[in-house]
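Please read the structure below before turning to the comments.
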Amino acid sequence: WKRNTNEQNKCLSCDCWFLSLETVYSAITNMWGVLLKPKSCSLLLYCQRAAVPRCQVLLQRPMLPCANPALAQKPSAQRMLASSASSSSSAPSADQKQGISREEYNQRQRSVFSSPNLTQIFAQEVEEDVQQRLRTIVNSVPELGESSRVVDVGSGTGCLVPHMQARGVQDILAVDLSAAMLEVLQKKYGASQSTLGNDAGVRTWAGDILDLPNYLGWGADAFHFNGVFGNIHDPRAALLHASLQAKPGGHIVISHPMGRAWHCQLAASQPDITPHTLPSRHELDEMLKGLPLRVVDFTDAQDLYLAVLQVPPHYEFPGAPVLMSGPVVEGFGRGSKQMGVPTANIDPKPLETTLKAMHNGVYFGWVKVDAPPSLGFAPADSGVHKMVMNIGNRPTVNKGDEEPSVEVHTLHKFARDFYGQNIHVAVVGFIRPEMRFSKGFPELLNRIKLDISTARTQLDLCGHEAAELLKH
């Protein structure tokens with residue numbers, strides 16, 4: 001076990017040294033029984049002194065054996081492999097990954113992270129310094145307690161669970177593509193595979209966060225993406241899905257207890273398994289454009305990456321309330337005729353300046369229509385009412401040649417239509433960006449119903465100050 005004094009074998013994070021490559025390969029074979037075969041490849045090694053993969057060095061040598069499927073970290077470091085499916089001839093290259101469907105990508109992730117050797121390593125205990133960083137990650141969400149609901153995305157074997165329980169959280173849903181990882185978690189924490197009912201406890205759900213049903217994630221106080229964000233097929237889509245299920249004021253946490261620089265090196269060494277790096281603050285701001293999320297805390301330290309996002313209380317957005325007025329014009333007739341959700345279209349051209357400062361998507365607020373009784377309107381029609389508004393191109397129903405539209409759905413039933421009448425709106429909340437629903441009208445209609453329900457509830461809770469602006 002003579003140490004190698006080659007600088008390339010020195011740990012990047014501390015002063016310890018790695019053993020020679022030949023000794024390491026032999027040790028891997030003896031410890032994990034991994035089949036080694038000659039192949040030109042890279043091997044990510046972990047520092048033995050730190051007892052966790054906090055220290056690493058990437059060593060390259062042609063025609064030397066490579067572990068297959070992979071070296072892996074303990075649960076503290078989440079989702080870190082050295083080589084994996086990339087050592088298989090059937091695994092796509094980094095250049096091909098853009099063409100991989102979500103289903104194909106998830107199947108590969110599921111296969112890699114269901115390895116018995118890997119799940120065994122993930123189940124091991126971690127050192128106290130890493131435990132402290134995991135506590136910091138969980139404690140980044142304020143006001144967690146007995147009544148809180150938390151979703152742990154990419155939970156693995158559950159390294160965050162004890163720290164959530166220490167905060168008093170009783171309702172924890174662990175989500176992971178790997179059923180093998182969740183099986184270990186169930187044994188460690190007495191978790192249940194059943195996702196039915198509202199009983200407190202740790203529950204598990206095997207699947208992709210994008211497929212998580214609303215009844216499981218709806219109203220969650222927090223979503224944690226710890227050590228998994230770089231492994232997700234579409235990170236922005238995952239944030240959107242979490243933001244739609246989290247309660248207003250809830251938090252979404254992206255974290256890694258080894259830091260962003262460490263993760264960048266890892267992603268470079270295994271792009272087929274970790275295709276994304278953790279976003280810098282600028283990259284995160286770009287990713288969040290058009291999403292109902294804001295950054296409330298950001299840490300990018302050597303041994304900790306922590307981005308705490310929040311769904312704003314009452315879905316408030318910068319610049320709200322936004323006031324708009326204009327005549328009601330003819331639309332395309334698809335809102336009322338096909339979906340049973342009548343909308344009033346406002347001509348967007350006079351509103352160009354206002355609309356440029358707003359993202360396309362679904363908003364809510366208050367509406368007042370010039371509806372005099374002399375034109376056949378009921379007395380209540382001229383009052384201020386709740387509304388939901390869509391700004392954009394309606395990608396699910398449009399044929400591609402229509403102009404952008406501003407559509408208002410009032411939560412009040414008028415005595416007659418009001419084409420040509422002036423309409424005034426006060427926009428106070430932003431629910432979600434414009435989305436294309438692959439399943440067509442049924443999926444779109446279900447989402448619209450959720451948007452209407454959300455708007456009604458939030459307008460009841462956030463007060464009527466903005467509504468007063470329309471009375472004058």
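What is the distance in Å between the Cα centres of the stretch 130-150 and the stretch 408-444?
First find each Cα centre; the distance between them is then 38 Å.
With labels modelled as points extended 7 Å from the Cα through the Cβ direction, what inter-label distance (nm, one decimal) is found for Leu210 paired with Glu443?
Label at Leu210, label at Glu443, 0.9 nm between them.
Taking the highest mean first, how do the peptides 219-229, 122-132, 273-283, 176-186 order by number of other beta carbon atoms within 10 angstrom per residue?
219-229, 176-186, 273-283, 122-132
Starting from the Kirkwood radius over alpha-carbon pairs of the stretch 99-194, derive D by Stokes-Einstein at 20 °C in a medium of 1.002 mPa s and give it in µm² s⁻¹.
Value of D from the Cα-based Kirkwood radius: 149 µm²/s.
With 10 angstrom as the radius, rank Tyr105, Tyr363 by how many other C-beta atoms surround their C-beta, starting from the fewest.
With the fewest neighbours first, Tyr105, Tyr363 line up as Tyr105, Tyr363.
Go ahead and run the numbers for FRET between Phe298 and Ser453, Cβ-Cβ distance against an R0 of 30 Å, rounding to 0.05.
0.40
How about the stretch 378-472: which GluC sites (Glu not before Pro) there are in a DSSP loop, with at most 13 other Cβ atoms within 10 Å of their Cβ?
Here the sparse-neighbourhood loop sites are Glu402.
Can you tell me which of 155-164, 452-461 comes out highest on packing, and rank the rest after it, using the mean Cβ neighbours within 10 Å?
Taking the mean over residues of other Cβ atoms within 10 Å, the ranking is 155-164, 452-461.
What FRET efficiency do you get for Gln124 and Leu375 if R0 is 56 Å and r is their Cβ-Cβ distance, rounded to the nearest 0.05?
That pair, Gln124 with Leu375, gives E of 0.15.
Collect residues whose amide H, placed 1.01 Å from N in the peptide plane, falls under 5 Å from the amide H of Gln170; neighbours closer than 5 in sequence don't count.
Answer set, sorted by chain and number: Ser148.
Just grab the label-to-label distance for Glu468 and Ser111, each label 7 Å out from Cα along the Cβ direction, in nm (one decimal).
It works out to 6.4 nm between the two label points.
Once you've got the Cα coordinates, tell me which of Lys187/Lys449; Lys247/Lys413; Lys289/Lys471; Lys356/Lys386; Lys349/Lys413; Lys368/Lys439 are over 31 Å apart.
Among Lys187/Lys449; Lys247/Lys413; Lys289/Lys471; Lys356/Lys386; Lys349/Lys413; Lys368/Lys439, the Cα-Cα distance tops 31 Å for Lys187/Lys449; Lys289/Lys471; Lys368/Lys439.
Express in nm, to one decimal, how much length is gained between Ala166 and Asp460 on full extension, taking 0.36 nm for each residue of separation and deducting their alpha carbon distance.
Computed gain between Ala166 and Asp460 is 102.4 nm.
Test of understanding: express the Cα radius of gyration of the stretch 128-311 as a ratio to 2.2 N^0.38 Å, with N the residue count.
0.95
If the only charges are +1 at each Lys and Arg Cβ and -1 at each Asp and Glu Cβ, what is the size of the charge dipole of the stretch 298-391 around the Cα centre, to the nearest 20 debye?
340 debye
Kindly put Phe317, Phe437 in sequence by how many other C-beta atoms sit within 10 Å of each C-beta, fewest to most.
Ascending number of Cβ neighbours within 10 Å: Phe437, Phe317.
Using a 10 Å cut-off around each Cβ, can you sort Asp211, Asp171 from fewest to most neighbouring Cβ atoms?
Asp211, Asp171
Gly429's amide H: which non-local residues (gap 5+, or another chain) put their own amide H closer than 5 Å, with H modeled 1.01 Å from N in plane and none for Pro or chain starts?
Phe364
Can you compute log10 of I(q)/I(0) for the stretch 322-469 with the Debye formula, treating each Cα as one identical point scatterer, at q = 0.20 Å⁻¹?
Log10 of I(q)/I(0), two decimals: -1.38.
A short reminder: the numbers here are calculations on the coordinates, not readings from a lab. Model, not experiment: these values are computed from the prediction. As a convention, Cβ positions derive from the backbone with ideal geometry for all residues, glycine included, and neighbour counts pool all protein chains shown.
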